[in-house]
Amino acid sequence: MEQNGHLKDKIRVVTFLCRKQIDFLDQVGKDALFVKGKKISRSQILADLVDLLIESGVSLDKIDFNNGDLAKELLKAIRDNGYKGNGHE
């Protein structure tokens, strides 16, 4: 059953991230707490990033999964779909 575009029953996912990625997630959470007074968990940030990718309309059939750099391929696909972002890579 879906509620607001999310599955009501969530599934646990375990992942391994490098220190830089964890620090980024923690900084986003701290910024949200400082600016908005609301704590955001790492898992909520990751879930929202997945939702953003889903809603971006990116077609995964155009992504070359063989080149070993999925992040660059996703960024290229998002930009090709019309999103310009802030220029950071």
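The values are calculated or read from the model by the stated rules, or taken from the named source; none is laboratory data. If you're wondering where the values come from, they're calculated on a predicted model, not measured in any experiment. Positions of Cβ are generated from backbone atoms using ideal geometry, with glycine treated the same way; all protein chains shown enter the neighbour counts.
Just one of the listed residues (Lys38, Lys72) is assigned to a helix (DSSP H, G or I) and at pLDDT 75 or above, namely Lys72. For Gly57, the stated conditions do not hold, so it cannot be described as modelled with pLDDT under 75 and either in contact with a Leu (Cβ under 6 Å, 6 or more places away or on another chain) or of a type in the set (Gly, Ala, Ser) (or both).
Considered as a group, the residues in the stretch 42-73 that are loosely packed, with under 11 Cβ neighbours inside 10 Å and small (Gly, Ala, Ser) include one that is nearest to Lys30 (Cα to Cα), and that residue is Ala71.
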